[in-house]
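Just below is one structure, and these are the notes that go with it.
Each reported figure results from applying straightforward, stated rules to the coordinates on display, with no laboratory input. None of the values given here were measured: they were computed from a predicted structure. Cβ sites come from the backbone with ideal geometry, for glycine too, and all protein chains shown count toward neighbours.
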Amino acid sequence: MRLVDRHLAPTPINYQSCYNEIAGLPNYPAFPDVPLRELAGELVARSPAQEAALDALTAAIGQRSWQGVREALALFAAAGAPVDGALSGELAQGLARFVESVLPALGDEDGRVIALAGELGATLSQPAPPAAEVQGGIARLAQQVSHAAEEQVEIKGALLKLLHLIVENIGELSIDDSWLRGQIDGLLASIAPPLDLRHLDEMERRLRDVIEKQARAKARTVEAQVEMRQMLGEFVGRLAAMSASSTAFEGQLISSAERVEQVESIEELRPLLSEMVSAAHAMADDAASSRNQLKALQDKVVATEAELIQLHKELDNASALARHDPLTDALNRKGLDEVLVREIASMRRKSTALSLSLLDIDNFKKLNDSFGHEAGDGALVHLANVVRANLRPSDTLARYGGEEFVILMPDTSVEQGVEAMTRLQRELTKAIYLTGSERILITFSAGVTQLAPDEESGTDALRRADQAMYLAKRAGKNRVMSA
């Protein structure tokens, strides 16, 4: 329930983190299962006591218990120490490799851990390391590692909270910049636990693209402002010139009228009329020139405005990508939350049905282990493409986390949703996934539920669908269960 409330994927690490939090235990960084299992495999028991210690070490690794690992290693070292209190070279080398494999997971910020590891390494490098001295070094290092790991978890959590507050504060400062809001939403989604390095890298690439377009739009906006000021100055200048020309023409007409009153013969009137005609032509030429220049200014304003609109449209499109999963192009958790709120509101406004399905690819870890993560990514993309090809335009596909997807189906009862997921399973069976020369059959287990017409939240509905999906897993996989 806590994982669902926090929108965390149901991974072993997240389960462990929540378990430690509820139990009041320190939450250590990622547990180095592989190096520890390699170490356990290299250790050779030479007595029943050592065999018991190795069994305890294997159990502690399976339980991801640092305390158990420390106690088992200490017991193994004590049981295997020769009479003279010295460790065998093989055991010393194994312990040294173990220390080297653990240190990178703790970083290099804690000088005490590095110092103790160096002391233990120096002891283990001796030809016949004293067992008591090695046991004491392991105990001291294990205690310091425990403190350092706990501190690293707290620092990581505090930094994420601080980053979250900074990003939210930047979002609050924006007034009506939808493209900036899109960047903020993408950042908040990317820093929500559990962190995924590939997701962070993709978000960095996309945000750099947005920042580049934003810089171009900003520079072009500044240029447009300068151009607008220049065009406004030209416009005012043309108006002033037209006004001055009109005033001069008016003065010339008044002067000519006064001179007409004093004319006594036709011969005196001819040059006066010629001057008036020339002045009228000049006035008309000035008006035409001003009209053409004003028209050019108007065209330039329209073109500049269209260019700015296009730049901001590109920013909006780039920011919209922040709501999509970079691998499958399905909606991410942020996009799902937004669509879920909208669909629930529509369902209650229209008094219609709304069903959702949570599906999980069967044996996905085995696929990754057998063919590599690239093949696993391809399987996710393949599933998303098959789903999109067989859903209605009104349905929505979102990647919920890892190999889990959510499908929103408006105007659909739970029975119809089960039928739709069953048809989708058949279509997926027909669409064989190819990775290299390997043909892989991809199946999924799904849980389908219909939202209650009252005040049930999307989170509660997803929790019920998740429970139904796990029932489908336990029933033999490649099944659809309703809740």
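Of LYS350/LYS473; LYS366/LYS473; LYS334/LYS430; LYS334/LYS366; LYS365/LYS473, which pairs sit farther than 26 Å apart, going by alpha carbon to alpha carbon? Please list the in-between numbers first.
Numbers: LYS350/LYS473 35 Å; LYS366/LYS473 15 Å; LYS334/LYS430 32 Å; LYS334/LYS366 29 Å; LYS365/LYS473 14 Å.
Pairs exceeding 26 Å: LYS350/LYS473; LYS334/LYS430; LYS334/LYS366.
Counted by Cβ distance under 14 Å from THR412, the other residues give a net charge of -2, where Lys and Arg count +1 and Asp and Glu count -1.
Among VAL448, VAL34, VAL339, VAL480, sorting on how many other beta-carbon atoms sit within 10 Å of each Cβ, with the fewest leading, yields VAL34, VAL339, VAL480, VAL448.
Normalised by the residues of segment 333-482, what does the relative contact order come to in percent, with Cα pairs under 8 Å and at least six apart? Please list the in-between numbers first.
Values: 240 pairs, mean separation 46.7, N = 150.
It rounds to 31 percent for segment 333-482.
In which sequence would TYR433, TYR19, TYR470, TYR400 go, from the one with the fewest C-beta neighbours within 10 Å to the one with the most?
Placing the least packed residue first, the sequence is TYR19, TYR470, TYR433, TYR400.
Listed by Cβ neighbour count within 10 Å, with the fewest neighbours leading, HIS324, HIS373 appear as HIS373, HIS324.
With a cut-off of 12 Å between beta carbons, the residues surrounding LEU25 carry a summed charge of -1, where Lys and Arg count +1 and Asp and Glu -1.
Spin-label model, ASP460 to GLU51: label points 7 Å out along the Cα-to-beta-carbon direction sit 5.7 nm apart. Annotation: amide H of SER482 within the under-5 Å range of VAL448, sequence separation 5 or more or interchain, hydrogens built in the peptide plane.
With both labels modelled 7 Å from their Cα along Cα-to-Cβ, the TYR19 to GLN467 distance reads 2.1 nm.
Residues in segment 375-389 carry Karplus couplings, in order, of 5, x, 4, x, 5, 5, 5, 4, 4, 4, 5, 5, 4, 4, 6 Hz; the curve used is 6.51 cos²θ - 1.76 cosθ + 1.60 with θ = phi - 60°, and Gly or Pro positions show x.
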